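S.K.: Sharing a structure with you now.
What follows draws every value from the coordinates through simple rules; no lab data is involved. Quantities reported herein were computed from a predicted structural model and do not represent experimental measurements. All Cβ positions, even for glycine, are placed from backbone atoms using ideal geometry, and neighbour counts span all protein chains on display.
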Amino acid sequence: MKYRLTMAAIAALLTATSALALDDAGRTNLIESLVRVESNGRPGLVGDSGKAYGILQVHPEMVREANRISHKVYTHEDMFDARKAREVAYIVLSHYDAHINQVTGHTATAKQLSFIWNGGGASWKRVQSPRNDSKQNNLEKYWSKVSSR
């Protein structure tokens with residue numbers, strides 16, 4: 001028997017999987033999806049008019065956030081080192097996972113964490129928002145790329 005997935009069925013599957021809670025392995029898998037979306041693994045990449053570095057296209061603000069959370073001293077230039085860039089992502093996403101859990105009583109979803117990576121710390125609150133502005137549209141497009149990788 002053959003099965004055909006309609007676009008509606010695919011969208012429903014994506015929505016269902018975006019609601020899954022992430023453990024350490026899931027967060028690591030999410031980070032690898034972010035790497036594929038951001039740079040396809042190219043550590044020397046500079047983007048966003050010179051503000052985003054490395055495999056995860058890390059901005060200076062995200063480095064400062066990781067340093068604040070972890071009390072480490074990463075530099076923006078460290079983001080050209082793939083291992084350090086992954087560490088920064090893991091620190092920030094783990095922190096926001098705990099924050100979301102504290103605020104909502106639920107573990108963060110992959111969609112919420114990808115919104116944070118792309119749009120900043122408060123962006124997770126926009127996950128359930130309608131597409132009524134350009135920031136929301138951009139976050140949804142980003143999630144579509146991440147969730148397909």
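S.K.: If you add up the charges near residue 133, with Lys and Arg at +1 and Asp and Glu at -1, over every other residue whose beta carbon is less than 15 angstrom from its beta carbon, what do you get? Mind showing how you got there, number by number?
M.R.: Working: positive: 125, 126, 131, 135, 141; negative: 140.
Local charge sum for residue 133: +4.
S.K.: Would you give the gap between the C-alpha center of the range 108-149 and the C-alpha center of the range 41-67, rounded to a whole Å?
M.R.: The range 108-149 and the range 41-67 have Cα centres separated by 18 Å.
S.K.: With contacts defined as alpha carbon pairs under 8 Å and 6 or more residues apart, what's the relative contact order of the range 20-147 in percent? Walk me through the intermediate numbers first.
M.R.: Working: 164 pairs, mean separation 28.7, N = 128.
The normalised contact order for the range 20-147 reaches 22 percent.
S.K.: Suppose each label sits 7 Å from its Cα in the direction of the beta carbon; what would the residue 103-residue 64 distance come out to in nanometres?
M.R.: Going by the 7 Å Cα→Cβ label model, 2.0 nm.
S.K.: Quick check for you: which residues of the range 37-71 have the amide N under 19 Å from the point 7 Å beyond the Cα of residue 82 toward its beta carbon?
M.R.: Only 37-47, 53-59 fall inside the zone, counting backbone N under 19 Å.
S.K.: May I pose another question? Scaled to the compact-protein estimate 2.2 N^0.38 Å, what is the alpha-carbon radius of gyration of the range 20-147, rounded to two decimal places? Provide the component values of the computation, followed by the final result.
M.R.: Working: Rg = 13.8 Å, N = 128, 2.2 N^0.38 = 13.9 Å.
In units of the globular-protein estimate, the range 20-147 measures up at 0.99.
S.K.: Can you list residues whose amide H is under 5 Å from residue 52's amide H, if they're 5+ apart or on another chain and H is modeled 1.01 Å from N?
M.R.: 47
S.K.: Hey, another quick one. Checking the cross-link filter: which lysines have an alpha carbon closer than 18 Å to that of residue 51, excluding same-chain neighbours under 8 positions apart?
M.R.: Hits, sequence-local ones excluded: 84.
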